[in-house]
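Since every read-out is calculated from the coordinates, none of them should be taken as a lab result. Because the structure is predicted, anything quoted here is derived from the model rather than measured. FYI the Cβ positions are ideal-geometry reconstructions off the backbone, even for glycines, and counts take in every protein chain you see.
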Amino acid sequence: MISGGPRLLAWTLGEVVELVQETPRVASLYLNIPDWPGHLAGQHVDVRLTAEDGYVAERSYSIASPPEDRWVALTVERLDDGEVSPYLVGELRVGDRVELRGPIGGYFVWRAGQDLPLLLVGGGSGVVPLMAMLRHRAKAAHKAPARLLYSSRTLDDVIYREELERLGSAGDGLTVFHTLTREKPARWTGYTRRLDESMMKEVAWPTEQMPAVFVCGPTSFVEAAATLLVAMGYAPQTIKTERFGATGG
C-alpha cells in the first residue's frame with residue numbers, strides 16, 4: 001500500500017493485459033504496472049499520449065480496481081471528440097503500453113473496515129471510483145452496510161451491470177438502486193427519472209446514522225445530488241464529491 005507521506009509522481013508504463021467492453025462506448029483496461037506503489041479506492045491516474053509529431057495530450061481517469069487486485073483497471077468512456085479516449089477505447093490492444101502516473105488524490109477515498117454506512121451516488125462513468133470502493137468492500141472481512149444509487153441514460157449504458165447485480169444479490173448489506181433517465185424498458189423495476197427529492201429520501205441513509213457519502217459524475221449531476229442531500233439535513237462537509245465536465249476525453 002502507499003504510504004501516508006507525499007511523494008514525487010513520476011511517469012511510468014503499464015502494459016495492457018486485458019480489455020473488457022463494458023458497454024458499447026465504455027471499456028475497462030487492465031494494466032500490469034511493475035513499479036506500482038499501490039492505491040486507495042477512489043484515487044485516479046493521469047494518462048499521457050504522445051503523437052509522432054510530439055503533440056502531447058493528458059487526461060485523468062479513475063481507478064476501477066480495488067487495492068487488493070493484481071492489475072490496475074481503468075474504465076474509460078469513449079468521447080467522439082476526445083483526444084485520448086478514442087485511442088484507449090477502440091485502438092488499444094493487449095500488449096500495448098500506456099504512459100501514466102499515479103495514484104493521485106487523497107480526499108475522495110474510502111477504506112474498508114469502517115462501521116459507518118456507505119452511501120454512493122454516481123452518474124454515468126462517475127460510477128468508476130465508486131465501483132473501486134464496492135470491490136474493495138467485497139474483499140474486506142468487515143463489510144459496512146452500503147447503498148449505491150446509479151443514474152444512467154439507458155439500460156445499455158449501465159457500466160458493470162452484471163457485476164453490480166451479483167454484488168447487490170450477495171446478501172452482505174449492499175443494496176443497488178438504478179435510475180434510467182431516457183428509457184423505461186419492459187419489466188424494469190428501477191427508477192426512470194432524474195434524481196429528485198423523493199428518490200433520494202427513499203435511497204439515502206437517515207442522517208442520524210452519519211454515513212460516509214461519495215458522489216461522482218458530471219458537474220450538474222453532482223451539484224443536484226449534493227443539494228438534495230443538504231436539504232435532507234446532511235452536513236455539506238460530510239459529502240465528498242468528484243466531478244467531471246461533459247467534454248474532454
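Between the alpha-carbon centres of the range 5-45 and the range 115-152 there is a gap of 19 Å. Put simply, the Cα atoms of the range 1-114 extend 42, 31, 25 Å along their principal axes, the longest span coming first. Rounded to the nearest 20, the size of the Cβ-charge dipole of the chain about its Cα centre is 680 debye, with Lys and Arg at +1 and Asp and Glu at -1. When K201, K143 are arranged by Cβ crowding within 10 Å, least crowded first, meaning fewest neighbours, the order is K201, K143. Each of L180, L130 has some number of other Cβ atoms within 10 Å of its Cβ, and from fewest to most they run L180, L130. Look at the alpha carbon pairs under 8 Å that are at least 6 residues apart: their mean separation over the length of the chain gives a relative contact order of 19 percent.
Normalised by 2.2 N^0.38 Å, where N is the number of residues, the C-alpha radius of gyration of the chain stands at 1.00. Charged neighbours of V17, selected by a Cβ distance under 15 Å, balance to -1 (K, R count +1; D, E count -1). Net charge near A141: determine it from the other residues with C-beta under 14 Å of the C-beta of A141, scoring Lys and Arg +1 and Asp and Glu -1. Local net charge: +1. For G42, the shell of other residues with beta-carbons less than 13 Å away shows a net charge of +3, using +1 for Lys and Arg and -1 for Asp and Glu. Ranking S85, P67, G113 by how far each Cα lies toward the positive end of the dipole of the chain (charges on Cβ) leaves G113 at the top.
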